[in-house]
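Some notes on the structure that comes next.
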Amino acid sequence: MGAQLGASGTMSDINMTPLIDIVLVVLIIMMVNIPIQIEEMGLKLPSSKAPIQENRTDVEQLLIAVYDDGKIALNRRAMTKEKMFYELQRRLRSSEKKNVFVDAHVDVEYGTVVDMVDLAREAGAAKVGLAKLKDGGPLPVNSVDEGGMPRGIFFGSPTVATAGGNIDEVKADAALQKIKGRINACYVQRLGARPGLSGKYMVYVAVGPQGELLEPPEIQADTMNDLDLRDCIKAVLPELRYEPLGPQMTAGIRYSILFSPG
């Protein structure tokens, strides 16, 4: 009664070739993409080493130590007060951050600490900080600077206080450098009469909108005690010339000048 297939009937086989081709293509694509993904992942992995900064500059920290026996040292190098002023001037001129710290023994008189703070400021420090007092005092001296200063005059970094305008430390220093030869000539002349003459000046200059001097430059601090030298330099300072600052702009500039007989 039911239907019956004949013995001679045939069954058609499934053609697997297209399927195999597709699988091979997918496999090849995966084999190509996986190494690229692994490489990209490797590039994104954080490095265990600190990044190298090509333009990194080491900033030297300047530390004045004052000991209970009266010695003073700059970065643990003992020296005279005059040599320290020279070294501070020299190093601060090339320092981006003009900061100085003072570390004193607990038994040092307060006035001595104030003198060191003033010394740093006169040498061109923008900021002077006091280190925390320690029972044992500052770290001990590890060397002694017995050498003298070279002969000549040396300028510290100028400090510029402005009400705006086109002037900064670099331009203020450039103006003083232009008359350095005249100032040095005054000093050399006095050395002939007073060998060993040494000390420093603090000079204040008020500058107006057109770069003019609002008043004669003033020598506010003088440790030279030589009237002839003072008069000679006072005659040279009015030759200072500055670029125009701008309408209604003014500036006050302080210079430190160190004199060394060598």
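The values are calculated or read from the model by the stated rules, or taken from the named source; none is laboratory data. Small disclaimer: the values here were computed from a predicted structure and weren't measured. A quick note on method: Cβ atoms are made from the backbone with ideal geometry, for glycine too, and the neighbour counts reach across all protein chains shown.
Yes/no matrix, rows are residues, columns are (1) β-branched (Val, Ile, Thr); (2) in a helix (DSSP H, G or I):
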{"position": "86", "(1), (2)": "no, yes"}
{"position": "91", "(1), (2)": "no, yes"}
{"position": "113", "(1), (2)": "yes, yes"}
{"position": "117", "(1), (2)": "yes, yes"}
{"position": "120", "(1), (2)": "no, yes"}
{"position": "136", "(1), (2)": "no, no"}
{"position": "150", "(1), (2)": "no, no"}
- Message: Considering only region 26-46, I want to know if a residue exists there that is at pLDDT below 75, farther than 12 Å from residue 141 by Cα, more than 30 Å from the chain's Cα centre (by Cα) and part of a loop (DSSP other than H, G, I, E, B).
- Response: yes
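Per-residue answers, yes or no, for (1) of a type in the set (A, V, I, L, M); (2) at pLDDT below 90; (3) touching a Ser or Thr at 6+ places or on another chain (Cβ under 8 Å):
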| residue | (1), (2), (3) |
| --- | --- |
| 210 | no, no, no |
| 213 | yes, no, no |
| 216 | no, no, no |
| 221 | yes, yes, no |
| 227 | yes, no, no |
| 230 | no, no, no |
| 236 | yes, no, no |
- Expected output for region 232-254 (first residue over 15 Å from residue 218 (Cβ atoms), partner of a type in the set (Phe, Trp, Tyr), Cβ below 9 Å, 6+ apart or cross-chain) is 232/187
- Query: Going by the structure shown, is residue 95 surrounded by 11 or more Cβ atoms within 10 Å (Cβ to Cβ), modelled with pLDDT under 80 and farther than 24 Å from residue 198 by Cβ?
  - Reply: yes
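To keep it simple, each residue is scored yes or no on (1) closer than 22 Å to residue 199 by Cα; (2) of a type in the set (D, E, K, R).
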| position | (1), (2) |
| --- | --- |
| 109 | no, yes |
| 116 | yes, no |
| 124 | yes, no |
| 129 | no, no |
| 153 | yes, no |
| 162 | no, no |
- Task: Please work out if residue 203 is modelled with pLDDT of 90 or more, out of contact with any Ser or Thr (no Cβ under 7 Å at 6 or more places or on another chain), of a type outside the set (D, E, K, R) and within 16 Å of residue 152 (Cβ to Cβ).
- Result: no
- Note on the structure: Restricting region 190-218 to residues that are of a type in the set (Ser, Thr, Tyr) and part of a strand (DSSP E or B), the one surrounded by the most Cβ atoms within 10 Å (Cβ to Cβ) turns out to be 201
- Message: Just checking, does region 237-257 include any residue being in the same structural domain as residue 159 (by TED's automatic domain parsing), surrounded by fewer than 17 Cβ atoms within 10 Å (Cβ to Cβ) and within 26 Å of the chain's Cα centre (by Cα)?
- Response: yes
- So, of the residues in region 48-80 that are modelled with pLDDT under 50 and polar (S, T, N, Q), which turns out to be nearest to residue 97 (Cα to Cα)? 57
